[in-house]
Structure formats: C-alpha cells, structure tokens
Amino acid sequence: MSPSPQVSAARPELSDPAVSAAQRRSWLGLAGRTVVVTGAASGIGLAIATELAAAGTRVALLDRQAEAVAAVAEGLAATGAQVLAQACDIADEAAVLAAAEAVRRQLGPVWGLVNNAGLLRPGALQDVSLAEWNQVLAINLTGALLCARAFGADMLAAGSGAIVHIASISALHPQTRSGAYSPSKAGVLLLNRQLAAEWGPRGVRSNAICPGMIRTALSARFYEQPGFEAARAAVTASRRIGEPIDIAEPALFLLSDRAAYVNGSELVVDGGLDCMWMDMLPRPGFNQTASASAGAAATQD
C-alpha cells in the first residue's frame, strides 16, 4: 500500500527506496510472529496492520465490519502477506474466544496484540443514555480486557509477548460532550498499567499510545471545511494534523524487541499538542499560537 500524498509530504522518508521492507523487517524483528489487530478495517488499525504485514508479521485482522475487513485482508494477501480476517464484536466474550481459537489454528500461537477497536457516542453527561454509556465502555474498555485475556493466553504460556493499547489524549484531558469516551480511554490506561504489573513478571509487556488529532476516514469530512485543518494544526507544535501512519510506526516499535524494556508506559503521539497549552493562552506580546488559531478560525466565518 503506497503512502497517501499527505503522508508522503509530511514523511518523505516513507517513500525512500533505500529503506527497504527487508531492512524494516530485520530492524524490528517481528517477521514470522503472529499479531492480532482489532478495529483493523480502517484508520489507525488499518495502518498498523499494513505496516505489520510489510514487516513480515502474520497478521490477524479483527473488525465488526465483515466485508470491510475481508477486503483489507484480500489486499494485504495480494502483497504476499500472511493474513487472516475475522469478523468479531470484541464486546462479546464468546466471539473473542472463537476468534482466538481461529487465529491460533490458522496462524499459530499469538505473540502480540494491538487493542485498537474503539467507539464514540456523543452526548453531554447529563444527556447520554445509559445504554450508549455502557456500549462505549463494553467496547473500549471491557473489549480490551477480553482481547488481552483471550489472545494473551498464548503469550503467557510462552513467557513472551507484547500488547499495545490505542488509547487517546482524551484519556488525559476530558473530551466534553463525548459521553463515556474519555472515561473509557482513561480506564484503558489503568488497564495497561495493571496488565504490565501482573503480566510483566511472566514475560508479557503492555504499553499504550495516546494519539492526538489524527486524520482518518471518520474525521476526513471535517477537514474539508474551510479553515478547519489550519485551525487545528495551529495548536500543535508540529503544525500539522497526524496521519494513521504516525501511530502505526510507534505501535510497531512498542511491539518489537527494540522496546524490550518499555513496559506499562503511555506514549503521547500528538504532534506536540500537549506542550502547547501555555502558548494557547492569550498573552499579548508573548505567544503566537492563540492569535494564529483565532485567525485561522476567523477564515471559516
């Protein structure tokens, strides 16, 4: 899968023919290992699955969208990758256990897991329905636990493995009017730490990534609005919006033996948004971000 024009512009090294797939494989040491990616049919999950396949990993693709995940698997298989698509609702324990058995049978024992699948149901706390609150928690938090237990069984038996959870900067800062999303992602961070504490002595590492503003198919329409991307980019230190590949590459690092001593950590990948809060506060004569963001927003009027 070729990098998008936006990715190529932001990350020219990804198009460098001198950096071969073989070099990436040898550096990461993931070739031949079986890794499961949930929410693999689109966005960040798709990017992670694609990079894992390029690194020679056997990749199990899980998603609730059966046709979409099957199409992704077909595309990756056409490149020579060894992949398996499984339609799976990760909030359903029986479905997760069945998927784990299918992966084990067809790709071998699981060595790694990327807990990426997630859900957002908007709504202020006083308005969000209990059903929607529970649905978000069931997928974002309980689903992560169910997958860790089902796929982590092989890792614990082997005394080796790695789990990466895709959380959010919304786990660190409340995302208002987004129902249970922030609480669920904050729970993922504590689940990550507890897994590291309990399973680390048994050879299994657990780490989390907190993505910032990432352009995906779900958010693409917002960036079509005049001035929207400029306003968002203005509040990041890197002055750009992230792409799924910006999360995929750190995820592969955390899965690999290159991160063998990284355990229970939370990696914020937000283009420097988190270090810009003081610069976003209006301080006449001292900062430019607040005025730049306001100017970008004004172009939308």
- Query: Within region 136-193, restricting attention to residues that are of a type in the set (S, T, Y) and within 18 Å of the chain's Cα centre (by Cα), which residue is surrounded by the fewest Cβ atoms within 10 Å (Cβ to Cβ)?
  - Reply: T142
- Taking the stated definitions as given, is L145 touching a helix residue (DSSP H, G or I) at 6+ places or on another chain (Cβ under 8 Å) and either in a strand (DSSP E or B) or within 15 Å of K185 (Cβ to Cβ) (or both)? yes
- Message: Quick check on E266: is it open to solvent by 40 Å² or more (accessible area, probe 1.4 Å), at pLDDT 95 or above and of a type in the set (D, E)?
- Response: yes
- How do the pairs read when you match residues in region 87-107 that are more than 15 Å from V69 (Cβ to Cβ) with residues anywhere that are open to solvent by less than 40 Å² (accessible area, probe 1.4 Å) and acidic (D, E), using Cβ under 7 Å and keeping only pairs 6 or more apart or on different chains? R104/D154
- Note on the structure: Residues in region 154-170 that are within 25 Å of V136 (Cα to Cα) and either without any contact (Cβ under 8 Å) to a residue 60 or more places away in the chain or not in a helix (DSSP H, G or I) (or both) total 8
- The number of residues in region 196-208 that are crowded, with 20+ Cβ neighbours inside 10 Å and either in contact with a helix residue (DSSP H, G or I) (Cβ under 6 Å, 6 or more places away or on another chain) or not hydrophobic (A, V, I, L, M, F, W, C) (or both) is 5
- Query: Residue check, R221 against (1) part of a helix (DSSP H, G or I); (2) within 19 Å of the chain's Cα centre (by Cα); (3) of a type in the set (K, R), all met but one. Which one?
  - Reply: (2)
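The values are calculated or read from the model by the stated rules, or taken from the named source; none is laboratory data. These numbers come from a predicted model, not from an experiment. Cβ coordinates were reconstructed from backbone atoms using ideal geometry, including for glycine residues, and neighbour counts include every protein chain displayed. Just the protein is used for accessible areas: all its heavy atoms, side chains included, with ligands, DNA and RNA removed. Shrake-Rupley method; radii C 1.70, N 1.55, O 1.52, S 1.80 Å.
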